[in-house]
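Heads up, the thing below is written out as structure tokens.
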Amino acid sequence: MTFVGWTFGFSMVLLIPLDIFTTITDGKADPTLIVVWNIYYWGSFVLNWTVLPFTVGYLEAGDFKPLGKICQSLKVNAPWYALYILLLGLLCVFLYFT
């Protein structure tokens, strides 16, 4: 998981020259490149805030069976996941009323 996280983060650097080149030559951003940037952004967001903490909790769990490890990881990360859901709900309410 560490390799995936580092590779995912550093591979974004490879898109910068391509983005600059297409913007300089065309004068506008390529729609496909915008989609790739969005995938990288949201992929790294989900990876760093949900998948990696779950994996750390799974690997640190002392249970012997995979289901026990999953339950232990969810128990450890449940307050954070609840906070994420609460903040998302508050953001949605705020956006609704503005």
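Just a few scattered comments:
- Selection within the stretch 53-78 - outside any helix (DSSP H, G or I) and within 23 Å of the chain's Cα centre (by Cα): ALA61
- Selection from the stretch 76-98 of residues that are among the β-branched types (Val, Ile, Thr) and touching a residue at least 12 places away in the same chain (Cβ under 8 Å): VAL76
- For the stretch 22-52, taking the residues that are among the hydroxyl-bearing types (Ser, Thr, Tyr) and surrounded by 14 or more Cβ atoms within 10 Å (Cβ to Cβ), the one that is nearest to LEU67 (Cα to Cα) is identified as THR50.
- Cross-chain or 6+ apart pairs with Cβ under 7 Å, the stretch 53-75 first and buried (at least 16 other Cβ atoms within 10 Å of the Cβ), then charged (D, E, K, R): TYR58/LYS69; ALA61/LYS69; LYS69/ASP63; GLN72/ASP63
Quick note: the coordinates plus some simple rules give every number you see, no bench work behind them. Bear in mind the structure is a predicted one, so any value in this text is a computation, not a measurement. Reconstructed Cβ throughout: ideal geometry from the backbone, glycine too, with neighbour counts over all protein chains shown.
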